Amino acid sequence: MTAIIEAREIHKAYRMGKRTLEVLRGVDMSVQAGEFLVIVGASGSGKSTLLHILGALDRPSSGAVEFDGVRLNKLSGRKLDQFRNKTVGFVFQFYHLLNELSVLENVLAPAMASSGTLGWLSVRNRTALRAEQLLERFGLADRMRHKPYELSGGERQRTALARALINEPKVLLADEPTGNLDSQTGSGILEVLSGLHQAGQTIVMVTHDERIAARAGRVIRLCDGIIK
Ligand SMILES: Nc1ncnc2c1ncn2[C@@H]1O[C@H](COP(=O)(O)OP(=O)(O)O)[C@@H](O)[C@H]1O
Ligand SMILES: [Mg+2]
């Protein structure tokens with residue numbers, strides 16, 4: 001297997017008035033292509049911070065992330081936007097869907113953003129078909145025209161998953177995707193993730209829940225700002 005993400009000596013500190021809060025203190029880790037990696041850590045241990053750094057939503061104070069051979073700290077402007085839009089897909093605990101848009105429009109939004117107005121006209125039909133197929137696969141065939149606030153938590157998270165996958169990201173990054181769901185609904189989301197992994201999707205998920213970690217291909221632990 002080859003590493004798709006390599007993180008070396010990642011430090012992240014936040015200034016809090018006169019004090020400095022060192023959240024990450026030298027994280028070394030890698031993600032292999034095709035694996036389902038789970039990072040477990042207590043609440044406040046820096047899981048979201050680390051995941052955001054791996055997906056270039058945030059920058060480390062020091063250290064480097066290499067993603068598919070590209071140094072993330074070298075990206076800026078359009079290249080960085082493109083990376084966030086196309087190379088990674090993010091799923092969050094609280095879904096972050098846009099309530100003014102339908103389910104289908106939410107899923108299409110990243111594809112619209114990445115293709116520009118003219119480009120969008122030429123790929124719209126193909127992309128809409130892909131969005132519908134994803135939504136059907138996730139059991140949302142009869143919810144596509146609904147607004148997110150009309151959906152259950154599990155349906156919202158499956159919508160967010162479809163949105164994260166619309167641009168066929170190399171890695172899916174999931175931040176406590178079951179954290180806001182009851183255990184049965186959460187299990188449904190984990191089954192969807194397992195299915196995606198079996199179909200070849202590389203996944204990195206963070207959670208504070210050891211029971212969820214049992215579902216992963218490989219588990220690493222974030223504690224005291226480092227991987228133990
Ligand atoms: N922007 C920020 N400014 C200051 N402190 C932050 C910021 N983001 C996170 N933190 C702090 O960093 C620590 C780790 O946060 P986080 O990565 O969200 O942890 P987790 O996701 O594991 O619960 C927490 O103590 C949190 O309060
Ligand atoms: Mg978090």
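The values are calculated or read from the model by the stated rules, or taken from the named source; none is laboratory data. Note that the structure is predicted; figures quoted are calculated from it, not measured. A quick note on method: Cβ atoms are made from the backbone with ideal geometry, for glycine too, and the neighbour counts reach across all protein chains shown.
Scan region 144-186 residue by residue and report those that are over 30 Å from T2 (Cβ atoms) and aliphatic (A, V, I, L, M).
The answer is M144, L151, L181.
Among the candidates P110, P148, which residue alone is within 30 Å of G46 (Cα to Cα), away from ligand 2 (no atom under 16 Å from the Cβ), modelled with pLDDT under 95 and in contact with a Lys or Arg (Cβ under 8 Å, 6 or more places away or on another chain)?
P110
Strands (runs of 3 or more DSSP E) wholly in region 132-228 with at least 1 residues that are over 12 Å from the mean Cα position of the chain (by Cα) and buried (at least 16 other Cβ atoms within 10 Å of the Cβ) - which ones?
Passing ranges, in order: 202-207, 218-223.
Please determine whether any residue of region 51-72 is β-branched (V, I, T), surrounded by 16 or more Cβ atoms within 10 Å (Cβ to Cβ) and either touching a Ser or Thr at 6+ places or on another chain (Cβ under 8 Å) or touching a residue at least 60 places away in the same chain (Cβ under 8 Å) (or both).
yes
Quick one: in region 58-85, which of the residues that are in contact with a strand residue (DSSP E or B) (Cβ under 7 Å, 6 or more places away or on another chain) and outside any strand (DSSP E or B) is farthest from ligand 1 (Cβ to nearest atom)?
D68
Pull out all pairs, ordered by first then second residue, where Cβ-Cβ is under 7 Å, the residues are six or more apart or on different chains, the first lies in region 80-109 and is in contact (Cβ under 8 Å) with a residue 40 or more places away in the chain, and the second is hydroxyl-bearing (S, T, Y) and assigned to a helix (DSSP H, G or I).
Sorted first by the residue in region 80-109, then by its partner, the pairs are N85/S114; K86/S114; L97/T159; N99/Y149; V103/T159; N106/T159; V107/T159; L108/T127.
Could you please find all residues in region 11-53 being of a type in the set (V, I, T), under 20 Å from A174 (Cβ atoms) and more than 16 Å from ligand 2 (Cβ to nearest atom)?
Answer for region 11-53, where residues must be of a type in the set (V, I, T), under 20 Å from A174 (Cβ atoms) and more than 16 Å from ligand 2 (Cβ to nearest atom): just V31.
Which members of region 54-70 meet the condition of being away from ligand 2 (no atom under 16 Å from the Cβ), closer than 26 Å to S115 by Cβ and not aromatic (F, W, Y)?
A56, D68, G69, V70
Which condition number does L98 fail, the rest of (1) more than 16 Å from ligand 2 (Cβ to nearest atom); (2) in a loop (DSSP other than H, G, I, E, B); (3) more than 30 Å from G139 (Cα to Cα) being met?
(3)
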